[in-house]
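Step one of this worksheet: look at the structure below.
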Amino acid sequence: MADPDHKFHRWINPLGRNASSAPQVIEATAEERASLAAWLEIPAVNALKAIVSLAREAAGGVAAKASFEASVGLVCGISLETFTDEVKGTGEVLFSRDSDREIARLDSDTEIDLEADEPRPWTSHGIDLGAWIAEELSLALPDFPRKPGAAPEAEAGAAAPVERENPFAVLKGLKKPPA
């Protein structure tokens, strides 16, 4: 990712009125989509829409669940042609005000669960749903984009495979006659 800041932010105050009662609809503007495409190092992000639901947690955090759809321009790994693909995904995350304090309280005897997702920070601005959605989109993109119908071509002038003798045929002659 070339630019460390994708410039796609949606700050929400989870304690604000109606913040957790109604789903948040997030759509990227043309400028944000161009910035996301540069950050993802892909030709284009044509559309990005996410629906995020927030729920307060008993521990004082906020749980977010999202589903998103995006139309992106990708480069085929076989033909090197640009094509448009639809990407869909879902995600869940926990935002916590105390995430920095929890890290500071760790000592050498503290066990850390490496499989568990660590809570994302809840800053004085609130929580950044846009940055989280951008990261989820980056994880949903294919590792090796392939345009529908693209197939690797056989190399021109490549010789047909040569049939080789079975390497174990030599052992056939070493067999002892039955006694």
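The values are calculated or read from the model by the stated rules, or taken from the named source; none is laboratory data. Owing to the predicted nature of the structure, the values given are computational and were not obtained by experimental measurement. Heads up, the Cβs are rebuilt from the backbone with ideal geometry, glycines too, and the neighbour counts pull from every protein chain shown.
Just to check your reading of the model, which residue among GLY60, GLY77 is surrounded by fewer than 20 Cβ atoms within 10 Å (Cβ to Cβ), modelled with pLDDT of 90 or more and not basic (Lys, Arg)?
Numbers: GLY60 fails: modelled with pLDDT of 90 or more.
One residue alone meets the criteria, GLY77.
Enumerate the strands (runs of 3 or more DSSP E) found wholly within region 1-86, keeping only those where 3 or more residues are under 21 Å from PRO148 (Cα atoms) and aliphatic (A, V, I, L, M).
In region 1-86, 44-56, 62-75 are the strands (runs of 3 or more DSSP E) which contain 3 or more residues that are under 21 Å from PRO148 (Cα atoms) and aliphatic (A, V, I, L, M).
Okay, residues lined up against (1) aromatic (Phe, Trp, Tyr); (2) in contact (Cβ under 8 Å) with a residue 60 or more places away in the chain; (3) surrounded by fewer than 17 Cβ atoms within 10 Å (Cβ to Cβ); (4) closer than 12 Å to ILE133 by Cβ:
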{"position": "ILE26", "(1), (2), (3), (4)": "no, yes, no, yes"}
{"position": "SER35", "(1), (2), (3), (4)": "no, no, no, no"}
{"position": "PRO43", "(1), (2), (3), (4)": "no, no, yes, no"}
{"position": "SER53", "(1), (2), (3), (4)": "no, no, yes, no"}
{"position": "ARG56", "(1), (2), (3), (4)": "no, no, yes, no"}
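Checking ILE133 against (1) at pLDDT 80 or above; (2) loosely packed, with under 10 Cβ neighbours inside 10 Å, only one condition comes out false. Which one?
So ILE133 meets the others, but not (2).
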